[in-house]
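Written below as C-alpha coordinates is the structure these notes are about.
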Amino acid sequence: MSLSEAPANPLRVALLGAGNVGSQVARILLDDAAALGSRAGAPLELVGIAVRSLEGDRGPGIPRALLTTDAESLVEDADIVIELMGGIEPARSLILRAIEHGATVVSGNKALFAQDGPALYEKADAAGVQLSYEAAVAGAIPILRPIRDSLSGDRITRVLGIVNGTTNYILDQMDTTGAQFADALRAAQELGYAEAYPTADVEGHDAAAKAAILASLSFHTRFALENVYCEGITQVTADDIAAAKADGYVIKLLAIAELLSDEAGDPGVSVRVHPTLLPRDHPLAAVHGAFNAVFVEAENAGELMFYGQGAGGTPTASAVLGDVVSAARRMVLGGPGRTETTTGHVPALSIDTVSTSYCIGLDVADQPGVLARIAAIFADNGVSIETMRQSIHQPDPGAEGTAELRIVTHRATEASLAATVKQVAALPVIRSVTSVLRVEGI
(Lines give C-alpha, C1' and ligand atoms only; values in the text may rest on other atoms or scores of the structure.)
Protein backbone atom coordinates (compact mmCIF):
# COMPACT_ATOMS: atom_id res chain seq x y z
CA MET A 1 0.00 0.00 0.00
CA SER A 2 1.41 3.43 -0.91
CA LEU A 3 1.81 6.24 1.56
CA SER A 4 -1.10 8.15 0.04
CA GLU A 5 -3.36 5.08 0.43
CA ALA A 6 -2.34 4.16 3.97
CA PRO A 7 -4.74 5.29 6.69
CA ALA A 8 -3.01 7.50 9.25
CA ASN A 9 -4.13 9.00 12.52
CA PRO A 10 -3.96 12.78 12.79
CA LEU A 11 -0.74 14.20 14.18
CA ARG A 12 -1.42 16.61 17.04
CA VAL A 13 0.41 19.92 16.55
CA ALA A 14 1.02 22.36 19.41
CA LEU A 15 2.11 25.92 18.61
CA LEU A 16 4.03 27.99 21.17
CA GLY A 17 3.71 31.67 20.34
CA ALA A 18 1.30 33.66 18.19
CA GLY A 19 3.39 36.64 17.19
CA ASN A 20 4.29 37.76 13.69
CA VAL A 21 5.52 34.33 12.59
CA GLY A 22 3.37 32.18 14.86
CA SER A 23 0.11 33.74 13.69
CA GLN A 24 1.05 33.03 10.05
CA VAL A 25 1.97 29.43 10.88
CA ALA A 26 -1.41 28.97 12.55
CA ARG A 27 -3.24 30.51 9.59
CA ILE A 28 -1.51 28.27 7.06
CA LEU A 29 -2.02 25.14 9.19
CA LEU A 30 -5.75 25.88 9.31
CA ASP A 31 -6.29 27.23 5.79
CA ASP A 32 -4.14 24.67 3.97
CA ALA A 33 -4.86 21.68 6.20
CA ALA A 34 -5.84 19.34 3.37
CA ALA A 35 -2.79 20.04 1.22
CA LEU A 36 -0.37 19.87 4.14
CA GLY A 37 -1.89 16.60 5.35
CA SER A 38 -1.57 15.10 1.88
CA ARG A 39 2.12 16.01 1.68
CA ALA A 40 2.80 14.83 5.22
CA GLY A 41 0.97 11.52 4.85
CA ALA A 42 -1.28 12.24 7.83
CA PRO A 43 -3.65 15.05 8.87
CA LEU A 44 -1.94 17.81 10.84
CA GLU A 45 -4.32 18.89 13.60
CA LEU A 46 -3.55 22.18 15.35
CA VAL A 47 -4.71 21.38 18.89
CA GLY A 48 -3.66 24.55 20.70
CA ILE A 49 -1.68 27.78 20.67
CA ALA A 50 0.17 28.81 23.82
CA VAL A 51 0.21 32.55 24.47
CA ARG A 52 1.25 34.70 27.40
CA SER A 53 -2.17 36.34 27.65
CA LEU A 54 -5.61 35.47 26.28
CA GLU A 55 -6.34 39.17 25.81
CA GLY A 56 -5.67 41.02 22.60
CA ASP A 57 -6.65 40.59 18.97
CA ARG A 58 -4.91 37.62 17.34
CA GLY A 59 -6.48 38.22 13.95
CA PRO A 60 -9.51 36.66 12.26
CA GLY A 61 -7.62 33.53 11.22
CA ILE A 62 -7.00 32.24 14.75
CA PRO A 63 -10.00 30.80 16.67
CA ARG A 64 -9.90 31.96 20.28
CA ALA A 65 -10.83 28.42 21.35
CA LEU A 66 -7.31 27.30 20.39
CA LEU A 67 -5.59 29.79 22.70
CA THR A 68 -4.22 28.71 26.06
CA THR A 69 -1.79 29.95 28.68
CA ASP A 70 -1.00 26.39 29.80
CA ALA A 71 1.96 25.70 27.55
CA GLU A 72 3.26 22.78 29.62
CA SER A 73 0.08 20.73 29.30
CA LEU A 74 -0.10 21.55 25.60
CA VAL A 75 3.38 20.19 24.79
CA GLU A 76 2.83 17.05 26.84
CA ASP A 77 -0.11 16.04 24.64
CA ALA A 78 1.36 16.81 21.22
CA ASP A 79 3.10 14.83 18.50
CA ILE A 80 4.75 17.92 16.99
CA VAL A 81 5.64 21.06 18.95
CA ILE A 82 6.36 24.29 17.07
CA GLU A 83 8.29 26.75 19.25
CA LEU A 84 8.11 30.36 18.06
CA MET A 85 8.22 32.17 21.39
CA GLY A 86 11.80 33.37 21.04
CA GLY A 87 14.24 34.01 23.86
CA ILE A 88 15.87 31.44 26.11
CA GLU A 89 13.24 30.76 28.76
CA PRO A 90 10.62 29.39 28.92
CA ALA A 91 11.32 28.21 25.35
CA ARG A 92 14.22 25.97 26.40
CA SER A 93 12.29 24.28 29.21
CA LEU A 94 9.26 23.71 27.01
CA ILE A 95 11.38 22.20 24.20
CA LEU A 96 13.05 19.84 26.70
CA ARG A 97 9.65 18.86 28.09
CA ALA A 98 8.39 18.14 24.58
CA ILE A 99 11.45 15.99 23.84
CA GLU A 100 10.99 14.07 27.09
CA HIS A 101 7.42 13.25 26.03
CA GLY A 102 8.59 12.00 22.63
CA ALA A 103 7.40 14.93 20.53
CA THR A 104 9.13 16.19 17.42
CA VAL A 105 10.19 19.83 17.81
CA VAL A 106 10.34 22.55 15.15
CA SER A 107 11.78 25.92 16.16
CA GLY A 108 12.92 29.22 14.74
CA ASN A 109 14.80 30.29 17.86
CA LYS A 110 18.31 31.27 16.73
CA ALA A 111 19.33 32.71 20.11
CA LEU A 112 18.45 29.48 21.92
CA PHE A 113 20.17 27.20 19.40
CA ALA A 114 23.30 29.36 19.33
CA GLN A 115 23.51 29.22 23.13
CA ASP A 116 22.18 25.77 24.02
CA GLY A 117 22.04 23.92 20.70
CA PRO A 118 24.54 21.21 21.70
CA ALA A 119 22.56 20.26 24.82
CA LEU A 120 19.28 20.21 22.89
CA TYR A 121 20.77 18.06 20.11
CA GLU A 122 21.99 15.54 22.68
CA LYS A 123 18.59 15.33 24.35
CA ALA A 124 16.82 14.85 21.01
CA ASP A 125 19.34 12.18 19.93
CA ALA A 126 18.88 10.28 23.19
CA ALA A 127 15.09 10.41 22.86
CA GLY A 128 15.13 9.47 19.17
CA VAL A 129 13.04 12.48 18.16
CA GLN A 130 13.55 15.04 15.44
CA LEU A 131 14.70 18.58 16.17
CA SER A 132 14.40 20.95 13.21
CA TYR A 133 15.21 24.67 13.06
CA GLU A 134 15.41 25.78 9.41
CA ALA A 135 13.62 29.04 10.27
CA ALA A 136 16.37 30.02 12.73
CA VAL A 137 18.63 31.25 9.90
CA ALA A 138 17.74 33.43 6.90
CA GLY A 139 13.94 33.24 7.09
CA ALA A 140 12.42 31.59 4.04
CA ILE A 141 15.77 30.63 2.49
CA PRO A 142 16.32 26.85 2.62
CA ILE A 143 19.92 26.76 3.81
CA LEU A 144 20.25 24.49 6.86
CA ARG A 145 18.85 21.35 5.25
CA PRO A 146 20.95 21.78 2.07
CA ILE A 147 24.08 22.13 4.22
CA ARG A 148 23.12 19.25 6.51
CA ASP A 149 21.82 16.86 3.84
CA SER A 150 22.67 17.86 0.27
CA LEU A 151 26.28 18.80 1.05
CA SER A 152 26.94 16.13 3.68
CA GLY A 153 29.00 14.17 1.13
CA ASP A 154 31.16 17.18 0.33
CA ARG A 155 33.66 19.25 2.31
CA ILE A 156 32.54 22.82 2.94
CA THR A 157 35.46 25.21 3.22
CA ARG A 158 33.75 28.55 3.74
CA VAL A 159 30.34 30.10 4.32
CA LEU A 160 29.66 33.82 3.92
CA GLY A 161 26.22 35.12 4.67
CA ILE A 162 24.10 38.26 4.82
CA VAL A 163 21.79 36.88 7.50
CA ASN A 164 20.28 39.99 9.06
CA GLY A 165 17.81 41.97 6.99
CA THR A 166 17.83 45.03 9.26
CA THR A 167 21.54 45.71 8.89
CA ASN A 168 21.52 44.94 5.18
CA TYR A 169 18.72 47.46 4.66
CA ILE A 170 20.59 50.12 6.66
CA LEU A 171 23.89 49.62 4.82
CA ASP A 172 22.10 49.45 1.46
CA GLN A 173 20.35 52.76 2.17
CA MET A 174 23.66 54.35 3.15
CA ASP A 175 25.20 53.04 -0.08
CA THR A 176 22.40 53.96 -2.50
CA THR A 177 21.22 57.27 -0.99
CA GLY A 178 24.25 58.54 0.93
CA ALA A 179 22.26 58.53 4.19
CA GLN A 180 23.93 58.68 7.57
CA PHE A 181 23.62 55.62 9.84
CA ALA A 182 21.04 57.24 12.14
CA ASP A 183 18.82 58.28 9.23
CA ALA A 184 18.98 54.85 7.60
CA LEU A 185 18.14 53.19 10.93
CA ARG A 186 15.15 55.48 11.38
CA ALA A 187 13.89 54.56 7.93
CA ALA A 188 14.27 50.85 8.76
CA GLN A 189 12.24 51.34 11.94
CA GLU A 190 9.49 53.21 10.09
CA LEU A 191 9.21 50.33 7.60
CA GLY A 192 9.16 47.69 10.35
CA TYR A 193 12.55 46.22 9.41
CA ALA A 194 14.13 47.35 12.68
CA GLU A 195 12.87 47.11 16.24
CA ALA A 196 12.46 50.15 18.49
CA TYR A 197 15.50 48.84 20.38
CA PRO A 198 17.65 47.43 17.54
CA THR A 199 20.78 46.56 19.53
CA ALA A 200 20.69 42.83 18.71
CA ASP A 201 20.68 43.65 15.00
CA VAL A 202 23.01 46.63 14.65
CA GLU A 203 25.60 45.28 17.12
CA GLY A 204 25.73 41.99 15.19
CA HIS A 205 24.39 39.71 17.94
CA ASP A 206 21.54 38.33 15.82
CA ALA A 207 23.92 37.53 12.95
CA ALA A 208 26.40 35.98 15.40
CA ALA A 209 23.77 33.54 16.67
CA LYS A 210 23.04 32.49 13.10
CA ALA A 211 26.76 32.21 12.33
CA ALA A 212 27.15 29.71 15.17
CA ILE A 213 24.37 27.57 13.73
CA LEU A 214 25.75 27.71 10.18
CA ALA A 215 29.24 26.81 11.39
CA SER A 216 27.98 23.88 13.46
CA LEU A 217 26.25 22.28 10.48
CA SER A 218 28.90 23.18 7.91
CA PHE A 219 31.84 21.78 9.85
CA HIS A 220 30.13 18.98 11.79
CA THR A 221 31.20 20.49 15.09
CA ARG A 222 29.12 22.11 17.79
CA PHE A 223 29.93 25.82 17.95
CA ALA A 224 28.26 28.12 20.47
CA LEU A 225 27.75 31.88 20.50
CA GLU A 226 30.87 32.33 22.62
CA ASN A 227 32.96 30.98 19.72
CA VAL A 228 31.86 33.82 17.41
CA TYR A 229 33.86 37.04 17.07
CA CYS A 230 31.34 39.86 16.67
CA GLU A 231 31.39 43.48 15.49
CA GLY A 232 28.29 45.48 14.53
CA ILE A 233 27.72 48.32 12.07
CA THR A 234 27.25 51.27 14.43
CA GLN A 235 30.74 52.61 13.65
CA VAL A 236 30.27 52.51 9.87
CA THR A 237 29.97 56.07 8.62
CA ALA A 238 28.70 57.66 5.43
CA ASP A 239 32.33 58.57 4.68
CA ASP A 240 33.29 54.86 4.90
CA ILE A 241 30.47 53.98 2.51
CA ALA A 242 31.43 56.74 0.06
CA ALA A 243 35.12 55.80 0.13
CA ALA A 244 34.29 52.13 -0.42
CA LYS A 245 32.07 53.09 -3.33
CA ALA A 246 34.85 55.17 -4.90
CA ASP A 247 37.17 52.16 -4.68
CA GLY A 248 34.65 49.74 -6.21
CA TYR A 249 33.47 48.12 -2.98
CA VAL A 250 30.25 47.81 -1.00
CA ILE A 251 30.07 47.33 2.78
CA LYS A 252 28.00 44.41 4.08
CA LEU A 253 27.64 42.88 7.54
CA LEU A 254 28.80 39.32 6.91
CA ALA A 255 28.60 36.17 8.98
CA ILE A 256 31.67 34.13 8.02
CA ALA A 257 32.64 30.59 8.95
CA GLU A 258 35.71 29.15 7.27
CA LEU A 259 38.07 26.24 7.58
CA LEU A 260 41.62 27.42 8.33
CA SER A 261 44.84 26.13 9.90
CA ASP A 262 46.30 27.24 13.20
CA GLU A 263 49.96 28.11 13.78
CA ALA A 264 50.83 24.41 14.09
CA GLY A 265 49.12 23.61 10.79
CA ASP A 266 46.19 21.83 12.41
CA PRO A 267 42.67 22.48 11.06
CA GLY A 268 40.36 24.87 12.84
CA VAL A 269 37.34 27.03 12.09
CA SER A 270 37.04 30.80 12.33
CA VAL A 271 33.50 32.01 13.02
CA ARG A 272 33.02 35.76 12.90
CA VAL A 273 30.61 38.60 12.16
CA HIS A 274 31.78 42.06 11.11
CA PRO A 275 31.32 44.79 8.49
CA THR A 276 33.13 43.71 5.35
CA LEU A 277 34.18 45.30 2.09
CA LEU A 278 33.11 43.28 -0.95
CA PRO A 279 33.96 44.00 -4.60
CA ARG A 280 30.84 45.16 -6.39
CA ASP A 281 31.00 42.21 -8.77
CA HIS A 282 30.75 39.69 -5.90
CA PRO A 283 27.33 37.93 -5.82
CA LEU A 284 26.66 39.07 -2.24
CA ALA A 285 27.25 42.71 -3.20
CA ALA A 286 24.01 42.65 -5.22
CA VAL A 287 21.83 41.69 -2.23
CA HIS A 288 19.73 44.78 -1.55
CA GLY A 289 17.15 45.94 0.94
CA ALA A 290 16.16 43.55 3.72
CA PHE A 291 16.96 40.43 1.69
CA ASN A 292 19.36 37.73 2.91
CA ALA A 293 21.80 35.50 1.05
CA VAL A 294 24.26 32.78 1.99
CA PHE A 295 27.28 31.99 -0.18
CA VAL A 296 28.74 28.50 0.30
CA GLU A 297 32.09 27.24 -0.99
CA ALA A 298 32.65 23.46 -1.11
CA GLU A 299 35.50 21.38 -2.49
CA ASN A 300 33.43 19.49 -5.05
CA ALA A 301 30.23 21.48 -5.49
CA GLY A 302 32.16 24.72 -5.88
CA GLU A 303 30.37 28.00 -5.21
CA LEU A 304 26.67 28.01 -4.31
CA MET A 305 24.41 30.91 -3.37
CA PHE A 306 21.06 30.83 -1.58
CA TYR A 307 19.00 34.03 -1.80
CA GLY A 308 15.60 35.19 -0.62
CA GLN A 309 13.54 36.95 2.00
CA GLY A 310 15.29 36.67 5.33
CA ALA A 311 12.54 37.87 7.64
CA GLY A 312 8.82 38.50 7.91
CA GLY A 313 5.91 36.43 9.15
CA THR A 314 4.86 34.68 5.97
CA PRO A 315 8.35 33.90 4.55
CA THR A 316 9.57 32.54 7.88
CA ALA A 317 6.35 30.54 8.31
CA SER A 318 7.21 28.83 5.02
CA ALA A 319 10.46 27.53 6.50
CA VAL A 320 8.70 26.42 9.69
CA LEU A 321 6.05 24.46 7.82
CA GLY A 322 8.67 22.87 5.58
CA ASP A 323 10.20 21.40 8.73
CA VAL A 324 6.79 20.36 10.03
CA VAL A 325 5.85 18.47 6.87
CA SER A 326 9.28 16.83 6.64
CA ALA A 327 9.12 15.72 10.28
CA ALA A 328 5.55 14.49 9.89
CA ARG A 329 6.49 12.29 6.93
CA ARG A 330 9.26 10.74 8.99
CA MET A 331 6.81 10.05 11.80
CA VAL A 332 4.34 8.40 9.42
CA LEU A 333 7.00 6.25 7.76
CA GLY A 334 8.92 5.53 10.96
CA GLY A 335 12.60 5.83 11.70
CA PRO A 336 14.80 7.79 14.09
CA GLY A 337 14.70 11.54 14.39
CA ARG A 338 17.27 13.67 12.56
CA THR A 339 19.04 16.63 14.12
CA GLU A 340 22.56 17.20 12.78
CA THR A 341 25.59 15.46 11.30
CA THR A 342 28.14 16.03 14.03
CA THR A 343 31.00 13.58 13.59
CA GLY A 344 34.01 15.15 15.25
CA HIS A 345 35.52 18.22 16.78
CA VAL A 346 37.31 21.01 14.94
CA PRO A 347 38.41 23.75 17.32
CA ALA A 348 37.24 27.33 17.02
CA LEU A 349 40.13 29.62 16.12
CA SER A 350 40.77 33.08 17.53
CA ILE A 351 40.22 36.06 15.28
CA ASP A 352 44.00 36.68 15.54
CA THR A 353 44.64 33.66 13.30
CA VAL A 354 42.43 34.91 10.47
CA SER A 355 44.20 36.05 7.33
CA THR A 356 42.41 38.51 5.06
CA SER A 357 42.87 41.84 3.30
CA TYR A 358 42.15 45.13 5.05
CA CYS A 359 41.19 48.68 4.23
CA ILE A 360 42.53 51.27 6.68
CA GLY A 361 41.42 54.89 6.74
CA LEU A 362 43.85 57.47 8.18
CA ASP A 363 43.56 61.22 8.76
CA VAL A 364 47.15 62.49 8.53
CA ALA A 365 49.15 65.71 8.51
CA ASP A 366 49.99 66.83 4.98
CA GLN A 367 53.76 66.82 5.41
CA PRO A 368 56.71 65.48 3.39
CA GLY A 369 57.74 61.94 4.31
CA VAL A 370 54.44 60.89 5.89
CA LEU A 371 53.72 58.17 3.33
CA ALA A 372 57.21 56.74 3.67
CA ARG A 373 56.97 56.53 7.47
CA ILE A 374 53.61 54.78 7.27
CA ALA A 375 54.79 52.36 4.57
CA ALA A 376 57.84 51.47 6.66
CA ILE A 377 55.69 50.42 9.62
CA PHE A 378 53.55 48.22 7.36
CA ALA A 379 56.68 46.60 5.94
CA ASP A 380 58.21 46.04 9.40
CA ASN A 381 55.10 44.07 10.43
CA GLY A 382 54.99 42.01 7.25
CA VAL A 383 51.82 43.68 5.96
CA SER A 384 52.05 44.34 2.23
CA ILE A 385 50.26 47.37 0.79
CA GLU A 386 48.26 46.71 -2.38
CA THR A 387 46.93 50.22 -3.02
CA MET A 388 47.19 53.61 -1.33
CA ARG A 389 44.94 56.56 -2.20
CA GLN A 390 45.45 60.08 -0.86
CA SER A 391 42.93 62.93 -0.78
CA ILE A 392 44.22 66.36 0.24
CA HIS A 393 41.98 68.52 2.45
CA GLN A 394 42.22 72.22 1.70
CA PRO A 395 43.16 73.90 5.00
CA ASP A 396 41.83 77.16 6.34
CA PRO A 397 44.29 80.06 6.01
CA GLY A 398 47.08 79.59 8.50
CA ALA A 399 46.00 76.05 9.47
CA GLU A 400 48.01 72.87 8.96
CA GLY A 401 47.05 70.90 5.89
CA THR A 402 45.64 67.39 6.30
CA ALA A 403 45.08 64.44 4.03
CA GLU A 404 42.97 61.31 4.07
CA LEU A 405 44.71 58.04 3.26
CA ARG A 406 42.91 54.85 2.24
CA ILE A 407 45.22 51.84 2.31
CA VAL A 408 44.20 48.41 1.03
CA THR A 409 46.53 45.58 2.01
CA HIS A 410 47.32 42.19 0.63
CA ARG A 411 46.31 39.28 2.87
CA ALA A 412 47.70 39.51 6.39
CA THR A 413 46.87 38.02 9.77
CA GLU A 414 44.64 39.88 12.18
CA ALA A 415 47.46 39.95 14.71
CA SER A 416 49.89 41.55 12.25
CA LEU A 417 47.33 44.10 11.16
CA ALA A 418 46.46 45.03 14.76
CA ALA A 419 50.13 45.60 15.58
CA THR A 420 50.53 47.70 12.43
CA VAL A 421 47.55 49.93 13.17
CA LYS A 422 48.67 50.44 16.77
CA GLN A 423 52.13 51.61 15.68
CA VAL A 424 50.79 53.81 12.88
CA ALA A 425 48.28 55.45 15.25
CA ALA A 426 51.16 56.40 17.57
CA LEU A 427 52.93 58.47 14.90
CA PRO A 428 52.78 62.23 15.65
CA VAL A 429 51.64 62.90 12.06
CA ILE A 430 48.51 60.71 12.47
CA ARG A 431 45.47 62.72 13.53
CA SER A 432 43.21 59.64 13.75
CA VAL A 433 42.58 56.14 12.44
CA THR A 434 39.16 56.69 10.88
CA SER A 435 38.33 53.07 10.04
CA VAL A 436 39.67 49.54 9.81
CA LEU A 437 37.55 47.24 7.64
CA ARG A 438 38.21 43.71 6.47
CA VAL A 439 38.00 42.88 2.78
CA GLU A 440 36.67 39.62 1.30
CA GLY A 441 36.20 38.37 -2.22
CA ILE A 442 39.46 39.61 -3.74
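The values are calculated or read from the model by the stated rules, or taken from the named source; none is laboratory data. Small disclaimer: the values here were computed from a predicted structure and weren't measured. All Cβ positions, even for glycine, are placed from backbone atoms using ideal geometry, and neighbour counts span all protein chains on display. When the accessible area is computed, the model is the full protein with side chains, heavy atoms only, and any ligands, DNA or RNA have been set aside. Shrake-Rupley method; radii C 1.70, N 1.55, O 1.52, S 1.80 Å.
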Of the listed residues (40, 8, 71, 78), the one being over 27 Å from the mean Cα position of the chain (by Cα), more than 22 Å from residue 318 (Cα to Cα) and crowded, with 19+ Cβ neighbours inside 10 Å is 71
Selection over the stretch 168-223 where residues are assigned to a helix (DSSP H, G or I) and under 30 Å from residue 155 (Cα atoms) yields a count of 15
Open to solvent by less than 30 Å² (accessible area, probe 1.4 Å) and either assigned to a helix (DSSP H, G or I) or on the phi < 0 side of the Ramachandran plot (or both): is that true of residue 98 in this structure?
yes
Those residues of the stretch 43-65 which are within 19 Å of residue 81 (Cβ to Cβ), at pLDDT below 95 and touching a strand residue (DSSP E or B) at 6+ places or on another chain (Cβ under 6 Å) amount to 51
By residue number, the members of the stretch 280-306 that are closer than 22 Å to residue 184 by Cβ, open to solvent by less than 30 Å² (accessible area, probe 1.4 Å) and not in a loop (DSSP other than H, G, I, E, B) are 284, 285, 292, 293
Would you call residue 211 within 18 Å of residue 110 (Cα to Cα), at pLDDT 90 or above, touching a Lys or Arg at 6+ places or on another chain (Cβ under 8 Å) and among the hydrophobic types (A, V, I, L, M, F, W, C)? yes
Within the stretch 30-44, residues assigned to a helix (DSSP H, G or I) and either under 17 Å from residue 8 (Cβ atoms) or free of Cβ contacts under 8 Å to residues at least 24 places away in the same chain (or both) come out as 33, 34, 35, 36, 37, 38, 39, 40
Test: residue in the stretch 155-166 that is of a type in the set (A, V, I, L, M), part of a loop (DSSP other than H, G, I, E, B) and closer than 24 Å to residue 243 by Cβ: no
Expected output for the stretch 187-204 (first residue open to solvent by less than 80 Å² (accessible area, probe 1.4 Å), partner acidic (Asp, Glu) and modelled with pLDDT of 90 or more, Cβ below 9 Å, 6+ apart or cross-chain) is 188/201; 194/201; 200/206; 203/231; 204/231
Taking the stretch 343-386 and keeping only residues that are within 15 Å of residue 413 (Cβ to Cβ), touching a strand residue (DSSP E or B) at 6+ places or on another chain (Cβ under 9 Å) and acidic (Asp, Glu), one is left with 352
(1) open to solvent by 20 Å² or more (accessible area, probe 1.4 Å); (2) farther than 19 Å from residue 323 by Cα all hold for residue 62 apart from (1)
Of those in the stretch 230-248 that are more than 13 Å from residue 360 (Cα to Cα) and not aliphatic (A, V, I, L, M), the residue least open to solvent (accessible area, probe 1.4 Å) is 232
The condition of being touching a Gly at 6+ places or on another chain (Cβ under 9 Å), outside any loop (DSSP other than H, G, I, E, B) and β-branched (Val, Ile, Thr) holds, among 75, 81, 47, 21, only for 21
Note on residue 422: of the conditions (1) free of Cβ contacts under 8 Å to residues at least 24 places away in the same chain; (2) open to solvent by less than 70 Å² (accessible area, probe 1.4 Å); (3) part of a helix (DSSP H, G or I), unmet is (2)
When the stretch 101-120 is checked residue by residue, the ones that are open to solvent by 10 Å² or more (accessible area, probe 1.4 Å) and closer than 25 Å to residue 9 by Cα are 101, 102
- Do we have any residue at all in the stretch 245-261 that's part of a helix (DSSP H, G or I) and under 20 Å from residue 359 (Cβ atoms)? yes
Exactly one of 261, 216 is hydroxyl-bearing (Ser, Thr, Tyr) and within 13 Å of the chain's Cα centre (by Cα), and that residue is 216
Of the listed residues (379, 328, 372), the one being at pLDDT 90 or above and surrounded by 13 or more Cβ atoms within 10 Å (Cβ to Cβ) is 328
Just checking, does the stretch 84-92 include any residue being outside any loop (DSSP other than H, G, I, E, B) and surrounded by 14 or more Cβ atoms within 10 Å (Cβ to Cβ)? yes
Here the residues within the stretch 311-324 that are open to solvent by 10 Å² or more (accessible area, probe 1.4 Å) and either touching a Phe, Trp or Tyr at 6+ places or on another chain (Cβ under 9 Å) or more than 25 Å from residue 85 (Cβ to Cβ) (or both) are 311
When (1) modelled with pLDDT of 90 or more; (2) under 25 Å from residue 236 (Cα atoms); (3) of a type in the set (A, V, I, L, M) are applied to residue 392, the one that fails is (1)
By residue number, the members of the stretch 121-147 that are of a type in the set (A, V, I, L, M), over 19 Å from residue 14 (Cβ atoms) and assigned to a helix (DSSP H, G or I) are 126, 144, 147
